[in-house]
Amino acid sequence: MLLLFVDRYLLYLLSCLTQLKIVMARYIFQRLFLFALTMVLLFVAAGTYAWLQAWVYGGSALFLEVGVLTFFAFKCPRMLRERGKSHEGVPLYETVFMTLWLFLSLVTFIVCGLDVVRYQVSMLPIYSIPIGFVLLVVSYVFGSWAMAVNEHFEQFARIQEEREHQVITNGPYAIVRHPGYTAIIAGTYCVPLMLQSVWALLPATLIGVLFIWRTYREDHFLQEKLSGYRAYTQRTRYRLIPFLW
């Protein structure tokens, strides 16, 4: 059912290419394709489609994903177009990071299916599901807020000289310097929590460590390359978590 809905949504996007730029549609397709891939891996690893928690997670995530993508497609199309492009000047560590992030994200879903359903090795208590759902919603809301106020929000860290790159200091950027990463880490943990997998907390934690490493590298990169960023770090002192780091 979820895959059918994704397919129909993709057909709708194709019919709207006269209104949407191809690069923006490409980015939306990438996001929805990745969602479909994770759900397929989840059910294949579980060995069954009769898994209520997986359908609850998938339905919730798809609803939020489609809502956010549709909103930005019509309200902030330039930002989506830029996220769908390939750019020069991307640091090597960014390519390494994206590869590891994708790998660990897919592993998280596979481990959930193997752990909770196929082999039934472990299971978190039932109250982990609403906790995970709250994290899922918060991650989408906080991440979307960061995207909405930051016109330079792209997949890779680089200095966007062609767009007169400036430091963003309002909205969630007044709370932490990398709110998008804070949202992604929260969204990563919602997967094992909503699917009640103890073992999937391991790759989720590795993703969190990976984002801490990326934040550290990106922060130094921006302080060296982006005018005004060093002064911004004195006003907004925390990178990911208020009062902690």
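Throughout, read-outs are computed from the coordinates displayed, never taken from laboratory work. Because the structure is a prediction, the values reported are computed rather than measured.
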(request) Find how many whole Å separate the alpha carbon centroid of the range 167-198 from the alpha carbon centroid of the range 217-245. (result) 17 Å
(request) Work out from phi, with θ = phi - 60° and the Karplus expression 6.51 cos²θ - 1.76 cosθ + 1.60, the ³J(HN,Hα) of each residue of the range 109-121, listed in order in whole Hz, and give x for Gly and Pro. (result) 5, 5, 5, 4, x, 5, 6, 7, 10, 5, 10, 6, 6
(message) How much length would be gained if the chain were fully extended between residue 37 and residue 244, taking 0.36 nm per residue of separation minus their Cα-Cα distance, in nm to one decimal?
(response) 71.0 nm
